Amino acid sequence: MSALAPRADFPLLAADPRLVYLDSAATAQKPRAVLDAIAAFYAHDYANPHRGAYALSARATAVYRAARERVARFLGAADADTLLFTRGCTESLNLVAGTWGRANVAAGDRIVVTAAEHHGNFVPWQQLALERGAEFRIAPLAADGTVDRVHLASLLGPRTKVVAFTHVSNVLGAINPVEEIVALVRAAAPQAITVCDGAQAAPHLPVSVDALGVDFYGAGGHKMLGPMGVGVLVGRRALLEAMPPWLTGGDMIEFVHDERSTWNVIPHKFEAGTPNVEGAVGLAAACDYLDALGMARVHEHGRRLATLAIEGMLRLPGARTHGPPAGAERAGVVSFTLGEVHPHDLSSILDAKGVCIRAGHHCAQPLMRRLGAGATARASFSVYNDERDVEALLAGMRAALDLFAHA
Ligand code: PMP
C-alpha cells in the first residue's frame, strides 16, 4: 500500500527520507502548496483587510473572503458567513462555552460531555458548569469507543442545555455517529445545543457540517495540513446572531457610542482585531490539497494503515490496543501499550530509529482514567504515510521488546 500523497510534496519529509512521522493527530506536516499559498499572499496581496480604501487592501479582503468560502465548502457549510476563523479548535470550543454558554446556562441546568473528550472539549464545559452552578455529567463509552447512546439518552432532559461530544476520538480513533446523537438530543432535549469537536475528523473524513445537523462544529487548521494558529467554528446562523460577542475591539463593532456599542454582522462580530489572513489562506490551500486527494480516499487510507498497525501489534507479546478492533470503521489513530515497556521509553526507543509517535495522556485524562492507563503510546497516520512506516513502527516495537527482555 503506497502513500496517498507523494512524500516529495512535503518539504520537511522530503528533506529527511529516514523520518517516519506518525504523530499527525498532534499536528500534520505541510504540503508545499500550503507554504506557497502563504508566501503568495505576502508577496502579492498583503495589506490589512477590511480597513483600507485602496485596491491592495480590497485585494487582501477578497483573498480572506475567498479563503472563508473555500474552507466552508470543504466542511459542507453552505452559508460561509457562519464559518468563523479562530486561533484553533480549542479556541472554537471555548468561544461557544464563553458566549452561548455564559448567556444561556444557569444554576441547575445540565451540561453533558462524553468520556472520550479531549481537554479542549471538556475543561471549558466543566469550568462553565462550576461558574454557573450547573450540573456536569459525563456520558460513558460503549465497548467500541463511541459514546454509549442508551446512557447518553438517560442524561437528556428539560434542564439539559449543552451536549458536547467529539466526532473522532484522538485516543481511540473511534468515530461517533454524529447524526444519531443529534437526533437523540433533538428528541429528548430540544432546548440543548449540540457542540461537536471535529479536530480529528476534519483532517481524516469527508465532513458535511450541514448534513450532520450539529449546532456548532469546531476544527483546527494545523491537523488538516494547514498552518498553526488558525481554526474554525461553524455555527447555526440564528445562534451566532443571537449570542454575545467573544473578543471585542476593532472590526467586530457596528457603532461605538460613548456608553455602549453595537455589533457588526457575522462572521465579523466574532473576529475582533486584525485577522489571521495567512492562516486562512494556508488552510484554504490545504482544503484544495485534501479535496484533490479525495476525502473518502483519505479516510480509507487512514483506516487501512491503522488496521495494518493493529494486526502487526497484536502479533507482538504483551501488546494491547485501545479502541475499535482491526478492520473496524475508525480513523487513522491507534493507541497502544507494549507489556512492561513504558510508553515514554517506547517513544524514546522509536525516536532513536527516526520514528515519531506520541506518548502520554493525549490531553484526555478523564478517558485515560477510564481506560485504567496513566499513559499510552499513539501512532497516527496521514496521507503521506505508507505501509513501510507501519513496518518501521513494528520493527521499533520488536527492538524495544528485545531491549527490555535483556535488561
Ligand atoms: N480536540 C481534539 C479531539 C484534539 O485531538 C485536539 C488536538 N490534540 C483538540 C481538540 C485541540 O486542538 P488545538 O490544540 O489545535 O486547539
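The values are calculated or read from the model by the stated rules, or taken from the named source; none is laboratory data. This is a predicted model, so every value here is computed, not measured. Positions of Cβ are generated from backbone atoms using ideal geometry, with glycine treated the same way; all protein chains shown enter the neighbour counts. In case anyone asks, the SASA skips ligands and DNA or RNA and just uses the protein heavy atoms, side chains included. Shrake-Rupley method; radii C 1.70, N 1.55, O 1.52, S 1.80 Å.
Read through the list (1) among the polar types (S, T, N, Q); (2) within 16 Å of the ligand (Cβ to nearest atom); (3) out of contact with any Ser or Thr (no Cβ under 6 Å at 6 or more places or on another chain), then give the number of the only condition that Ser92 fails.
Here Ser92 clears every test but (3).
Could you please let me know if Tyr21 is more than 30 Å from His361 (Cβ to Cβ) and among the aromatic types (Phe, Trp, Tyr)?
Numbers: more than 30 Å from His361 (Cβ to Cβ): no; among the aromatic types (Phe, Trp, Tyr): yes.
Spelling it out, it is not the case that Tyr21 is more than 30 Å from His361 (Cβ to Cβ) and among the aromatic types (Phe, Trp, Tyr).
Would you kindly identify the helices (runs of 4 or more DSSP H) lying entirely within the stretch 1-84 that contain at least 3 residues that are open to solvent by less than 30 Å² (accessible area, probe 1.4 Å)?
Values: elements: 11-15, 32-44, 55-74.
It comes to 32-44, 55-74.
Is it the case that the stretch 38-57 has a residue that's touching a Gly at 6+ places or on another chain (Cβ under 9 Å) and either among the polar types (S, T, N, Q) or within 16 Å of the ligand (Cβ to nearest atom) (or both)?
Taking every residue of the stretch 38-57 in turn, none turns out to be touching a Gly at 6+ places or on another chain (Cβ under 9 Å) and either among the polar types (S, T, N, Q) or within 16 Å of the ligand (Cβ to nearest atom) (or both).
Select from the stretch 320-356 the residues that are in a loop (DSSP other than H, G, I, E, B) and closer than 16 Å to Val390 by Cα and write down the one among them that is most open to solvent (accessible area, probe 1.4 Å). Let's see the steps before the verdict.
Let us first name the residues in the stretch 320-356 that are in a loop (DSSP other than H, G, I, E, B), namely 323-332, 339-340, 342, 353-354.
Then keep just the ones that are closer than 16 Å to Val390 by Cα; that gives 326-327, 331-332, 353-354.
Numbers: Ala326: 44, Gly327: 40, Ala331: 1, Gly332: 3, Lys353: 96, Gly354: 11 Å².
If we take residues in the stretch 320-356 being in a loop (DSSP other than H, G, I, E, B) and closer than 16 Å to Val390 by Cα, then Lys353 is most open to solvent (accessible area, probe 1.4 Å).
From (1) open to solvent by less than 20 Å² (accessible area, probe 1.4 Å); (2) within 16 Å of the ligand (Cβ to nearest atom), pick out the condition that doesn't hold for Leu155.
Status for Leu155: all satisfied but (2).
So Ala238 fits all but one of (1) free of Cβ contacts under 8 Å to residues at least 12 places away in the same chain; (2) on the phi > 0 side of the Ramachandran plot; what number is the exception?
Answer for Ala238: the failing condition is (2).
Of the residues His222, His204, only one is open to solvent by 10 Å² or more (accessible area, probe 1.4 Å), part of a loop (DSSP other than H, G, I, E, B) and under 19 Å from Ala72 (Cα atoms); which? I'd like the intermediate steps shown before the answer.
Details: His222 fails: part of a loop (DSSP other than H, G, I, E, B).
Matching residue, one of His222, His204: His204.
What number of residues within the stretch 165-216 are aromatic (Phe, Trp, Tyr) and within 11 Å of the ligand (Cβ to nearest atom)? Lay out the reasoning, then the answer.
Let us first name the residues in the stretch 165-216 that are aromatic (Phe, Trp, Tyr), namely 165, 216.
Right, trim to within 11 Å of the ligand (Cβ to nearest atom) and you get 165.
Qualifying residue count for the region: 1.
Look at Ile111 and say whether it is open to solvent by less than 10 Å² (accessible area, probe 1.4 Å) and of a type in the set (Val, Ile, Thr).
Details: open to solvent by less than 10 Å² (accessible area, probe 1.4 Å): yes; of a type in the set (Val, Ile, Thr): yes.
Considered against the rule, which asks whether it is open to solvent by less than 10 Å² (accessible area, probe 1.4 Å) and of a type in the set (Val, Ile, Thr), Ile111 comes out as yes.
Any residue at all in the stretch 249-264 that's open to solvent by less than 50 Å² (accessible area, probe 1.4 Å), assigned to a loop (DSSP other than H, G, I, E, B) and under 18 Å from Ala25 (Cβ atoms)? Please lay out each step first, then the result.
The initial filter retains those residues of the stretch 249-264 that are open to solvent by less than 50 Å² (accessible area, probe 1.4 Å), namely 249-252, 261-262, 264.
Applying the additional criterion that residues be assigned to a loop (DSSP other than H, G, I, E, B) yields 249-252, 264.
Okay, now just the ones that are also under 18 Å from Ala25 (Cβ atoms), so none.
No: zero hits.
Going through the stretch 305-319 one residue at a time, which ones are open to solvent by 60 Å² or more (accessible area, probe 1.4 Å) and part of a helix (DSSP H, G or I)? Quick ask: steps written out before the conclusion?
Here is the first cut: in the stretch 305-319, the ones open to solvent by 60 Å² or more (accessible area, probe 1.4 Å) are 308, 311, 314-315, 317.
Hits for the stretch 305-319 are Leu308, Glu311.
Checking the conditions here, which among Thr248, Thr321 is among the polar types (S, T, N, Q), over 30 Å from Glu340 (Cα atoms) and either in the same structural domain as Asn385 (by TED's automatic domain parsing) or away from the ligand (no atom under 16 Å from the Cβ) (or both)?
Details: Thr321 fails: over 30 Å from Glu340 (Cα atoms).
Result of the check over Thr248, Thr321: Thr248.
Name the residues in the stretch 174-200 that are under 20 Å from Ala331 (Cα atoms) and surrounded by fewer than 18 Cβ atoms within 10 Å (Cβ to Cβ), would you?
The answer is Pro177, Glu179, Glu180.
Looking at the stretch 114-128, I want the residues that are in the same structural domain as Ser169 (by TED's automatic domain parsing) and have a partner that is of a type in the set (S, T, N, Q) and near the ligand (Cβ under 8 Å from one of its atoms) with Cβ atoms under 7 Å, at least 6 apart or on another chain. Which pairs are those?
Listed pairs, sorted by first residue: Thr114/Thr166; Ala116/Thr166; Ala116/Ser169; Glu117/Thr166; His118/Thr166; His118/Asn170; Gly120/Thr90; Asn121/Thr166.
Which condition number in (1) crowded, with 17+ Cβ neighbours inside 10 Å; (2) over 22 Å from the mean Cα position of the chain (by Cα); (3) within 23 Å of Val63 (Cβ to Cβ); (4) not small (Gly, Ala, Ser) is the one that Val277 fails?
So Val277 meets the others, but not (2).
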